[in-house]
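Worksheet for the structure shown next.
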Amino acid sequence: MDERRTVKVSKYLAKHLRHQPERIGLTLDEGGWVEIEALIAAASAHGFRLTREELDHVVAANDKQRFAVEGTRIRASQGHSVAIDLGLPTAAPPPYLYHGTVARTLGAIRAEGLRPMNRHAVHLSADRETATRVGARRGRPVVLSVDAGAMHRDGHVFQISANGVWLIPAVPSRYLRFPDSR
């Protein structure tokens, strides 16, 4: 499968498993799962031909492990804007986590902290490199440090997805370290 097709299928899956399942007639269960055959049939019925082999390739080849397969079902690992419960475990975070963004968002982040926007949770990375890649999707990246240890001590609950993304409902600005404030 060529790279362009891999990206196209990955984006299609993300759109319909995270944000708009109803657009192609899918209903996710409470955990975000859908039968793979139902997904393939729905995609085909809506003009997007997809084989099981292509789907398996995209799941296996995705460096961020955006999708999970369990038996005959598939779901997005995180990043949903539709109401689901991923049933992720809570965990004590490392002392610092990181969030990649771009400079134009810093004013709002300073004032309001990190908010999930149209997602269910704020996504944090365990390392600066990953946060840099995330921020670079929208322009020149800016990496914020999150004092996750202090947040955890103050009672904030963290979850971690199977692909290592740390999730939290919000990050108040007092726990953020901005690059220019060092």
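None of the figures in this text is laboratory data; all of them are computed from the coordinates on show. It should be emphasised that the depicted structure is a prediction, and the values quoted were computed from it without experimental measurement. As a convention, Cβ positions derive from the backbone with ideal geometry for all residues, glycine included, and neighbour counts pool all protein chains shown.
Given the -39500 (n - 2.57) contribution per DSSP H run of 4+ residues, what per-residue ellipticity at 222 nm results for the chain, rounded to the nearest 500 deg cm²/dmol? Could the numbers behind the result be given before it?
Numbers: 6 runs with 54 residues, N = 182.
Roughly -8500 deg cm²/dmol at 222 nm, from the helical runs in the chain.
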Restricting to aspartates and glutamates and to Cα separations under 15 Å from Lys11, and discarding same-chain partners fewer than 8 apart, the set is Asp2, Glu3, Glu54, Asp56, Asp63
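Shape of the range 55-144 from its Cα gyration tensor (a ≥ b ≥ c, root eigenvalues): rounded if a/c is under 1.5, otherwise prolate when a/b > b/c, or oblate?
Numbers: a/c = 1.89, a/b = 1.62, b/c = 1.17.
The shape class here is prolate.
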Mean separation of Cα contacts under 8 Å (at least 6 apart) over the residue count of the range 3-76, i.e. the relative contact order in percent, is 33 percent
So the angle from the long Cα axis of helix 52-61 to the longest Cα principal axis of the chain, reported in degrees to the nearest 10, equals 20 degrees
Ranked on Cβ counts within 10 Å of their own Cβ, fewest leading, Asp85, Asp147 go Asp85, Asp147
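Averaged over every viewing direction, what's the projected area of the C-alpha convex hull for the range 3-76? Give it in nm², one decimal, please.
Working: hull surface 17.8 nm².
Its Cα hull, projected and averaged over all orientations, spans 4.4 nm².
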GNM of the chain, Cα pairs under 10 angstrom: of Arg128, Arg138, Arg18, the biggest fluctuation goes to Arg138
What the 5 Å binned alpha carbon P(r) of the range 97-181 shows, as percent of pairs per bin from 0, is 3, 15, 27, 31, 18, 6, 1
If unit charges are put on Cβ atoms (+1 for Lys and Arg, -1 for Asp and Glu) and the dipole of the chain is taken about its Cα centre, the option from His99, Leu28, Ser77 lying farthest towards the positive end turns out to be His99
Toy charge model, Lys and Arg Cβ at +1, Asp and Glu Cβ at -1: the range 111-182 dipole around Cα centroid in debye, rounded to 20, equals 220 debye
extent check for the chain: Cα max minus min per principal axis, descending, whole Å, gives 52, 32, 25
Taking alpha-carbon centroids only, the range 104-119 lies from the range 1-77 a number of Å equal to 29 Å
Taking Cα atoms, the helix 36-45 axis meets the longest principal axis of the chain at an angle in degrees (rounded to 10) of 70 degrees
For Thr6, Thr101, ascending order of other Cβ atoms within 10 Å (fewest first) is Thr6, Thr101
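At 0.36 nm per residue, and after removing the present C-alpha to C-alpha distance, how many nm does the segment from Gln20 to Asp63 gain when stretched out fully? Don't skip to the answer; put the middle values down first.
Numbers: separation 43, 0.36 × 43 = 15.48 nm, distance 2.30 nm.
Using 0.36 nm per residue and subtracting the Cα-Cα distance, I get 13.2 nm.
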